[in-house]
Amino acid sequence: MPLLWLSLAFLAGILLGDGLGWPLWAWGAAGLGALLLVAAERRLAQRVWVRAWRRVSPLALGWLLLAGVLGAARLTSSLPAAPGPGDLGAYVDRGTLRLEGVILSDPEAGGERVWVRVRAQRLALGEEEFQPVKGQLQAGLPAVQDWRYGDRVLLTGRLQPPPNFAGSDYGQFLSRQGVAGYMGYAQAQRLGAGGGSPFLAGLYALRRKGYEFINSALPQPEAALLAGVVLGLEKDLPPDLQNAFRDTGTAHIVAISGFNIALLSGLFFGLFRRFLRRYPAVLVSIAAVFAYTFLVGAQASVMRAAVMGSLWLLGRELGRRSAGVNSLAFSAACMALAQPWIVWDAGFQLSVSATLGLILYAQPLQERFTAWGEKRLPAGWARRLSGPVGEYFLFTLAAQITTLPVVLVHFQRFSLAALLANPLVLPPQPLVMILGGTAVLAGVVFAPLGKILAWLTWPVLAYTLRVVEGMARLPWASAGVGVFGWWEALLLYVLIFTLGAVWVRPAALPLRRSMSLRLGLAALAAALALRAAWAAPDGRLRILVLEGSTPGTLVQTPTGGRILINGAPALLAGDRLGRTLSPLDPHLDALLIVQPSADSLQALTVLAERFPPQQALAVPGLVDSRSGLALAELLLRRRCPLTDLAVGERLSLPPDGSLEVVALSPAGAALWMQQGGVSVLWPSGVPPAQIPPRARGPQVLILGEADLREGTAPEAWLGLRPGLVLAPVEAPAAADRWVNTRTSGWVEITAQGGRAWAQAEHAP
């Protein structure tokens, strides 16, 4: 039995185990059945197996089933059990608590917060005594203090379930890693140091010193780029540059990922192959990849990518793509055996898919180019050019072919400029990595020498930035496809591998002779194209305000994100949302319950059933009412995490926007949104006096009935200097731009390029 199929069966079993959710004893029984199938192979082959299936050995089928069952059992055994009294998960949503623990990760900056992973040691509810506790949490600490790996800390705040920010699977990602809770806005006090591994502490300290040296030796943004390339720290790169790298398909240069390491392996091999024989070049390249891995901190994601890149080099040296694919599948299965949750990690998926593309298509592409060049170029030129063209263009193309479905699923867009941008920026990157890495190491030991080397790297850094910025300005640099599910990705992989097999081995699939195959591939390609075109965002911000006393609002971001705020009459909202959202994928990325009136909660219960949200955020006390409890139970059945809103909580809205809670009151939570130069305010029961100054002067102010109660006159809201007001009452005499949502029907606000315009159902 080929190792490939056993490995794939094991990985498929992990996915099946997650979908079925069977207990461990059930998978044990299934494994016993698979073993019986293997033991009864001859009897089955003679008496049960029909002649048409004799070529499929029951023994092989039994081993495949056994591998799948083992994968499912491994996942089930890794899932956290129901939290007991001594587990951190038992204290989720239990109110304010105090927790002592140790920082287990290198802190990552995120605006006004620093994000860390903490291993809990002791915990106390309210003013109770501390009790021992075990488990991990993700915490956001104030950025005003210098937090380090291994610091012992005292945290005070509310422990909540890990959230899925703006439709991402961040919450599930943390849960699968054993993170039991999330404390986004914790009060923190440093108790001491030395609570972690000395080896990791040394690595993180070296990384920190390298980062400090880079910022002292080079100006911005070149320093930010070098820190990203060499150390994997992209926190200082401005948002516009991050978007430029993303739109041009060159983000792998900055963020150390599977895609980056896979390409780096090819670049190292091409570099060392010029000076060494084939076998030594492979070994030196692998050593260089792992040396680079330890330089950037030897994080799990980077180490995984290094293994994948090394496998590609070994598979290339073996000279057989099948051997490389077998090794890749076996390595992926071993990684999943150690950490089953890694199957859902985007970095793991990109690493595997990029390496698979290099194994399958890098060499055939290079051979085709050489054959094409020998017919059209002078003698010897084709072979001289095949190396550079392969390293800087064809290898990129090979990796992009197989990573495309994964990229579409996770990022909902793909780069059209990548094939032009990568050949321009990749050739000097080995110089950046080698010379820049040497500069950092030298700078840590002897700063003057390091600065000389860093300034030698500066022209290449400046060139990379200018090329990326220039390519990003092209109108066709990237295109969005909207929400792209895994079923679409699977169909796209079928299309890619079928066409790849026809191209690499024409005799295996005679496409020219098979009309049915050609028609099937054409139909599949057309269906995927129509699906992408239907769901593709148009690059505009759209705000749909529904009719009602508590008007629900659907926010559609320029990149295709969908957020529903508050509720509206279920019948009206369901009709309008059904007409607005794609019928192929009517889900919501996030549901925000900021004004929990009875009619709003009843409407949201119906809407959450029809348009399932991936994440829900609500004001504290949602379950105190019967309607709120019914909604919370529905979200629980839907496996939708429910998180309490807090002042300062912010959702990122790509490409450059955010949605933030700026104030809380007993009646609701005020939201402030900024996107592409357009600002929107939902007071949601918070009086005008409590709106902070930075949220005043919105271009759009959306009011509900609760905002006009308790003596708050409509004229009071004009003091916030809004550009347009949407409210369920007639406009006061002093208002210029005021729309009555009770009589106007739905109102849609569209924004692009800092300009916004509105359209109402029953009014201009």
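The values are calculated or read from the model by the stated rules, or taken from the named source; none is laboratory data. Quick caveat: nothing in here was measured; it's all calculated off a predicted structure. Note that we place each Cβ from the backbone using ideal geometry, even for glycine, and neighbour counts take in every protein chain shown.
Values as computed for the structure displayed
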| quantity | calculated |
| --- | --- |
| Single condition ARG650 does not satisfy, out of (1) in contact with an Asp or Glu (Cβ under 6 Å, 6 or more places away or on another chain); (2) crowded, with 20+ Cβ neighbours inside 10 Å | (2) |
| Condition check for LEU311: modelled with pLDDT under 75 and touching a helix residue (DSSP H, G or I) at 6+ places or on another chain (Cβ under 6 Å) | yes |
| Selection count, region 185-207, where residues are assigned to a loop (DSSP other than H, G, I, E, B) and surrounded by fewer than 21 Cβ atoms within 10 Å (Cβ to Cβ) | 6 |
| Residue satisfying all of: in region 713-744; in a loop (DSSP other than H, G, I, E, B) and within 39 Å of the chain's Cα centre (by Cα); modelled with the lowest pLDDT among these | PRO728 |
| Residue count, region 657-682 (criterion: assigned to a loop (DSSP other than H, G, I, E, B) and touching an Asp or Glu at 6+ places or on another chain (Cβ under 8 Å)) | 1 |
| Total residues in region 95-123, condition modelled with pLDDT under 80 and in contact with a Leu (Cβ under 6 Å, 6 or more places away or on another chain) | 0 |
| Those helices (runs of 4 or more DSSP H) lying entirely in region 208-258 with at least 2 residues charged (D, E, K, R) and either in contact (Cβ under 8 Å) with a residue 24 or more places away in the chain or out of contact with any strand residue (DSSP E or B) (no Cβ under 9 Å at 6 or more places or on another chain) (or both) | 239-247 |
| Per-region count, region 89-117, residues part of a strand (DSSP E or B) and farther than 23 Å from LEU231 by Cβ | 7 |
| Qualifying residue in region 593-600 (condition: within 19 Å of ILE543 (Cα to Cα), assigned by TED's automatic domain parsing to the domain that holds ALA670, at pLDDT 70 or above and in contact with a Pro (Cβ under 8 Å, 6 or more places away or on another chain)) | no |
| Residue identified as aliphatic (A, V, I, L, M), touching a residue at least 12 places away in the same chain (Cβ under 8 Å) and assigned by TED's automatic domain parsing to the domain that holds LEU237 among LEU397, LEU449, LEU465, LEU404 | LEU465 |
| Failed condition for THR750, given (1) part of a strand (DSSP E or B); (2) at positive phi | (2) |
| In region 609-651, the residues that are acidic (Asp, Glu) and under 26 Å from the mean Cα position of the chain (by Cα) | GLU609, ASP644, GLU649 |
